[in-house]
Each structure stands twice: as C-alpha cells, then as structure tokens.
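Scroll down for the structure; my scribbles are underneath it.
The values are calculated or read from the model by the stated rules, or taken from the named source; none is laboratory data. Every value quoted in this text rests on a predicted model; they were computed, and no experiment measured them. Glycine also receives a Cβ, built like all others from the backbone with ideal geometry; neighbour counts cover every protein chain displayed.
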Amino acid sequence: MHTDENELLITRFKSGESEAFDRLMSLHMDQVFGLAWSVLHDREAALDATQEVFIKLHAVLPKFDSTGNLPAWLYRVCLNHCIDIKRKTRNVGLELTEEEWDRLQGSDHDDPGWFLQNAELREVIKKAVDNLPPRQRSAFVLRHYNFMSLQEIAETMGCTVGAVKAHLARATGHLRVELAGYVGIETERVQDNGKL
C-alpha cells in the first residue's frame, strides 16, 4: 500500500504539488528517525540527521524514479549519513542502549528475574555486537533491531542479498566464538532451574 502511495506522491510532487512532499515526510519520518536514533543514540543528533535526509530527498525527488524503492533509498542515505557522523567523532560502532537491547531480546525474556540473572550476559552480548566489523554490525542491527528483510537490508547497504547473508553469517560466527563460554554457562543455569 505504501509503495503505491509513494509512487502517487512522487508523481504529484513532480507535477508541482508541494504538499505531496509533506505527506511523504509524514509517511517515513518515524522510520528514518528510528534508524538515526539506533545509530547515534542522541535525540538531537537523530533529529538533525532525519532533517538532513529529507533535505537530500527534496533535492533529488524531481529526478527520482517514482517506481523506485523510496524506503530503501531513505534508509541507505540515513545509515550512510549517520555512520559518517560517527566516523567524524571517531566512533563508528552501531552501539545499542540498554533499552534497545531489551527490545532485541524479545518478549520471551520479559520476566524481571531473567534480566537480573542475565545482566552480565546481556552486557557481554552488547559488547560483542559493538565489536563486530562495521558492515557486519550494520547488517545485524538492521536485521535484528530494525526487523528489515534481507532484500531491504541489501538495498539499504547498497549490496547484494548474498553479501547481506555473508555479513550476517560472519557476524553470527563472530558472536558464537565470542560468546561460547557465556552461552554454555547460561544453558547450564537454565537447565538447573528446570526451564529447558
């Protein structure tokens, strides 16, 4: 549904209806801001980045193919812009806040006791993901935090679906090695509690 609406609004904008751009912004603002926030962890910086993305969109929209994938273009521009900001501040990692890690863990772990027992494990996992190479970290965060499909990640990162799969497989491999001892300890603890 959004795809058809995007096409219609881009066509209307090209024919001179400036309100169509406002509608495009309202359709995609939350997703772009969410991605900027997940990279920058700073509300003002994320708002600035979001504004910059839509300024860029306004500049290219007259030549934008109305049948193109607008969300993928917005995510790619936002991700690249935010990573550039992180590089300039000498911090290229896509670090996640505690709240974001809680969301990544999913609803199976909503029990407060689970969080208390596993605070150390969660911190180790967070550090392990933050230490992944940038492309692997980007693919991991887009897949497991932003819940994007492989195709959407490929379009966002400007690579093939095969490359995304490779980044995710390497990220998983790195995490497995990094967390091998902790995962074994956690499995034993769960078995001892009779929950497995």
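Worth a mention:
- Residues of the range 70-90 satisfying the condition of being more than 11 Å from E152 (Cα to Cα) and touching a Ser or Thr at 6+ places or on another chain (Cβ under 7 Å): L79
- In the range 37-60, the residues that are assigned to a loop (DSSP other than H, G, I, E, B) reach residues that are modelled with pLDDT under 95 and of a type in the set (S, T, N, Q) with C-beta atoms within less than 9 angstrom, at least six apart or across chains, in these pairs: H41/T97.
- Inter-residue pairs, beta-carbon under 8 Å, first in contact (Cβ under 8 Å) with a residue 12 or more places away in the chain and in the range 137-148, second basic (K, R) and assigned to a helix (DSSP H, G or I), 6+ apart: Y145/R103
- Pair list, Cβ under 7 Å, 6 or more apart: the range 122-135 residue outside the structural domain of C82 (by TED's automatic domain parsing), other residue among the acidic types (D, E) and assigned to a loop (DSSP other than H, G, I, E, B): D130/E95
- Residues in the range 6-21 that are surrounded by 13 or more Cβ atoms within 10 Å (Cβ to Cβ), assigned to a helix (DSSP H, G or I) and either free of Cβ contacts under 8 Å to residues at least 40 places away in the same chain or among the aliphatic types (A, V, I, L, M) (or both): L8, L9, I10, R12, A20.
- Figure legend. Inter-residue proximity from the range 66-85: first residues within 17 Å of T11 (Cα to Cα), second residues among the hydroxyl-bearing types (S, T, Y) and assigned to a helix (DSSP H, G or I), beta-carbon distance below 7 Å, spacing 6+ or different chains. Indicated pairs: S66/T11.
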